[in-house]
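The values are calculated or read from the model by the stated rules, or taken from the named source; none is laboratory data. Predicted model only: the values in this text are computed from it and were never measured. Note that each Cβ is placed from the backbone with ideal geometry, even for glycine, and that neighbours are counted across all protein chains shown.
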Amino acid sequence: MTISYQRPRRRLKNLAVGATAASLLASALMVPAQAAPAESAASSARSVEVSAQQTQGLPGQYQMAYSQKNDKLWVTGSSGRPPIETATIARVNPSTMKIEANAAMPTLRTGTGQNAGYQYNGAYGIAADDVNNTVWVTNTRSSAVSVFDQTTLKQIWTSYDPAASEQVVDHPREVKIDDATGRAFVTDGKGVVAFDLTTHEAQRIDVGEGAGTGMNSFLDEEAGRLYTPDISRGIVSVIDTKTLKVVQTITVHADDSSAGLSPSDVTVDKSLNEIYVSSQGKGGKNSGVTVYDLTTGEYKKSIPFGTQALAIDNDEARDLVYVTDFGKGEVGVIDARTGKVVSSVDTGSRATNDVLVTPEGAFAVDKAGAYANQSVPFTLDFTSGTTRTSNTEQKGYGAQLSPINADTLYKIDTKVTETSPESEAPAEEQTVKASDGTATVTSVKTVREGAEVTVTGTGWKAQDGSGSNVSVKLDKGKTTIGGDAVVATVDANAQGEFSATFPFPGSGNSNAAWTVGSSHTIHVLSGSGKTGDVARNAVLTVGVAAAPASADEASEVSQVSPQATAFQGYPAATETTDKVLTDRDFKDVTDSTIFAKEIRSIANKGITEGWDDNTYRPWANIERGQMAAYIYRMAGSPSYTAPATPQFTDVSKDDPFYKEISWLHATGIAQGWSDGTFRPNAKVERGAMAAFFYRAAGSPQYRAGNPAFSDVQRGETFYKEIAWLQDSGITKGYDDGTFRPWTAIKRDQMAAFVDRFSGRYKVTVSAQ
């Protein structure tokens, strides 16, 4: 569908006179003599024609980037909830929409205890650095940023540090590459972080108190400005990319102050000197685009669109803005010159996540999962951490395998046709002589409905040679100046020239209805309003034609349904790295350390975290509070809310293991001492350890035989549990045949016990 409309007129009125009959009855309008008007500026017509294609994309699509140097489109995809088993960055040919390469992302250890396994370091935001031939990717769920080679897809660098208590970025969303300053700007849950493109040194930008989630941003390299919306504060921060200081703050306008706002993306059209901010709103309110003056930041207007307007980008060369509706599944095309949505591309039922303008056209991705049960070559095996081709994945720890659904990639082609003013045929004019045979009057033969009417004259002089006082009236009305049909009076200049412009005739200034197809007279007279003037008159006959379509009348939104394009398949996955990013190693654990393998194993299972100085301290005694944490994590860190009131007299809510100790009590694994204490800092003895493990395994049916160890006799405390521990292969005791039940356990020994237990049993108890 093609939408045609006119740009708003900017009419130049040099000698324009307009008045209604009512105003003239009060006081005749007298206009000083002037020269005839110059030709008014004509408007240019724009025709916008939109078409779209769609094809199968990736599972869990998030964002796109374009490499101008390589003419490639980059798309990220991360499917499902943790563990992330299907994720990639894909290189796409923008002309053919063919996926040329898929990356098998680096892997992370994930989960704890019996839920421990592997997941991808998922890809979400993406940007191309053509100077260094890389792409920068935000790893949102692991609070990291990674860099990959555009050609090989190999990971070059990542900010992720498994040993760090806090990552450099916090839940990052988007990244922008600034060649001018050599920086990458990453928006995250606390604002914006700037990275050096070469050294990767990071610097957090101060965007003000109470900074919330930085969403999608716009980078103006030439002006040195980064525009970043804050979804929680409802503002756009304008950052100087050289000084890294906020130089302007724009408060985002809400049409409905009672509803939420959630500004999410921003773009700029410098040719129109405007800023466009998309807002998701809430409950369908405040969804759309708000427009601001680029210089002052002043609010100009609102463009409502969809129910959850999310991503936005612009084609500045043609003054077009593209915006996605995550709520309904649409991409709106806005004519920035008129501020109106002229076309809407239907992208399905929901979840249109990103839009990007490239020289090849505009592209959009959704997360609707329209292509069900797809086999992809970059799915991760949760247990082994190896890449596989599969049509199923886990959606949640311990969940059953579910089908993999792929999303849709769209290409939007927009054709804009401009009609120049010179190509428009001028209106046909008429000139008639006045009754004296000398003076003349001129007007158009046909006036457009609703348009102003202009009459010009020559030779209108009084007897003394000065300009006449001229009256203009319609449809044979009364001749008295100020009468009900007089629409204008004007003094001709010394050369006898005048011009009068008045509104389209209506009930207020005409005795006849000026409707399409009707014919009317315009009388021009002199001699009554000025002493010594020459009495003369002239009559013009004017027809009425239909008005051209205005921007408002042509604002009907064209609905575009994309044409299906055949999917060309997924290529084999390219391994980006052979490194597991969370393989833990402690600086005080070497290959020669006894139980080094077991210590590293339980670290990778998330059962132990070590100390903040990246030590494990294998020769230290393990304490009862630490033991509680081990068993809780062995159970997979189950969902549990600790009680508001502590259950033990010596364990406060501020204890570092309060939750884990409370869970241990709630499951019946540990009841503490008879005096109401738990003694969290007390050493764990080997006999008590056996009891902890036995209860964690669900207190299985077991009948102990003869004494297994020389120092453990039938009927003694923990005899049954120790015998079970030996029969299960979790302990062998000492070479001298003893178990030593009252000996405190070192942390390295506990690592061995925990690792063996985890390989044989699952923690089957649950909190009551």
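Report whether or not Thr641 is under 41 Å from the mean Cα position of the chain (by Cα), part of a loop (DSSP other than H, G, I, E, B) and free of Cβ contacts under 8 Å to residues at least 60 places away in the same chain. Spelling it out, Thr641 is indeed under 41 Å from the mean Cα position of the chain (by Cα), part of a loop (DSSP other than H, G, I, E, B) and free of Cβ contacts under 8 Å to residues at least 60 places away in the same chain. Do the conditions hold for Ala572, that is, is it in contact with a strand residue (DSSP E or B) (Cβ under 9 Å, 6 or more places away or on another chain) and modelled with pLDDT under 90? No: the conditions fail for Ala572.
Restricting to the stretch 384-398, and then to whatever is in a loop (DSSP other than H, G, I, E, B) and free of Cβ contacts under 8 Å to residues at least 60 places away in the same chain, can you tell me which residue is surrounded by the most Cβ atoms within 10 Å (Cβ to Cβ)? Filtering first and then ranking leaves Asn391. Per the listing Asp206, Asp230, the residue uniquely more than 29 Å from Asn102 (Cα to Cα), of a type outside the set (Ser, Thr, Tyr) and surrounded by 15 or more Cβ atoms within 10 Å (Cβ to Cβ) is Asp230.
Taking the criterion of being within 14 Å of Leu219 (Cβ to Cβ) and touching a residue at least 60 places away in the same chain (Cβ under 8 Å), the residues of the stretch 159-185 that qualify are Glu174, Asp178, Ala180, Thr181. Within the stretch 557-569, can one find any residue that is under 44 Å from the mean Cα position of the chain (by Cα) and at pLDDT below 90? Yes, because at least one residue in the stretch 557-569 is under 44 Å from the mean Cα position of the chain (by Cα) and at pLDDT below 90. Thr88 meets the conditions (1) modelled with pLDDT of 95 or more; (2) part of a strand (DSSP E or B); (3) surrounded by fewer than 24 Cβ atoms within 10 Å (Cβ to Cβ) in every case but one. The failed one is (3). Which of the residues spanning the stretch 691-719 are surrounded by fewer than 18 Cβ atoms within 10 Å (Cβ to Cβ) and either in a helix (DSSP H, G or I) or touching a residue at least 40 places away in the same chain (Cβ under 8 Å) (or both)? Listed by number, the list holds a single entry, Gly698. Looking for whichever is surrounded by fewer than 14 Cβ atoms within 10 Å (Cβ to Cβ), under 30 Å from Thr152 (Cα atoms), not hydrophobic (A, V, I, L, M, F, W, C) and not assigned by TED's automatic domain parsing to the domain that holds Thr521 here; the options are Asp578, Asp613. Which one fits? On inspection, the qualifying residue turns out to be Asp578. Look at the stretch 720-736: where a residue is touching a residue at least 40 places away in the same chain (Cβ under 8 Å) and a partner is buried (at least 17 other Cβ atoms within 10 Å of the Cβ), sitting 6+ places away or on another chain with Cβ atoms under 6 Å, you get Thr731/Leu725.
Of the residues making up the stretch 725-768, those that are in contact with a Ser or Thr (Cβ under 6 Å, 6 or more places away or on another chain) and part of a loop (DSSP other than H, G, I, E, B) are Gly737, Thr738, Val765, Ala767.
Among the residues of the stretch 740-748, is there at least one that is under 25 Å from Asn115 (Cα atoms) and either at pLDDT 95 or above or surrounded by fewer than 18 Cβ atoms within 10 Å (Cβ to Cβ) (or both)? Yes, because at least one residue in the stretch 740-748 is under 25 Å from Asn115 (Cα atoms) and either at pLDDT 95 or above or surrounded by fewer than 18 Cβ atoms within 10 Å (Cβ to Cβ) (or both). Scanning the stretch 67-82 for residues being at pLDDT below 95, out of contact with any helix residue (DSSP H, G or I) (no Cβ under 9 Å at 6 or more places or on another chain) and on the phi < 0 side of the Ramachandran plot gives a total of 2. Among the conditions (1) over 30 Å from Ala101 (Cβ atoms); (2) without any contact (Cβ under 8 Å) to a residue 12 or more places away in the chain, Gln559 misses just one, which is (2). The set of residues in the stretch 612-637 that are part of a helix (DSSP H, G or I) and within 16 Å of Asp748 (Cα to Cα) comprises Arg624, Gln626, Met627, Ala629, Tyr630, Ile631. Those strands (runs of 3 or more DSSP E) of the stretch 124-204 in which 1 or more residues are under 20 Å from the mean Cα position of the chain (by Cα) and β-branched (Val, Ile, Thr) occupy 126-129, 134-139, 144-149, 175-178, 183-188, 191-196. When restricted to residues that are surrounded by fewer than 20 Cβ atoms within 10 Å (Cβ to Cβ) and polar (S, T, N, Q), the stretch 151-180 contains 4. Confirm whether Val246 is within 26 Å of Ala45 (Cβ to Cβ) and either in contact (Cβ under 8 Å) with a residue 12 or more places away in the chain or loosely packed, with under 15 Cβ neighbours inside 10 Å (or both). The answer is no for Val246. May I ask you to list the residues in the stretch 486-523 that are without any contact (Cβ under 8 Å) to a residue 60 or more places away in the chain and not hydroxyl-bearing (Ser, Thr, Tyr)? Correct list: Gln495, Gly496, Phe504, Pro505, Gly506, Asn511, Ala512, Ala513, Gly517, His520, His523. Does Met97 satisfy the criteria of being at positive phi and buried (at least 20 other Cβ atoms within 10 Å of the Cβ)? Criteria met by Met97. Can you spot a residue in the stretch 664-676 that is crowded, with 19+ Cβ neighbours inside 10 Å and touching a Pro at 6+ places or on another chain (Cβ under 8 Å)? No, because not a single residue in the stretch 664-676 is crowded, with 19+ Cβ neighbours inside 10 Å and touching a Pro at 6+ places or on another chain (Cβ under 8 Å).
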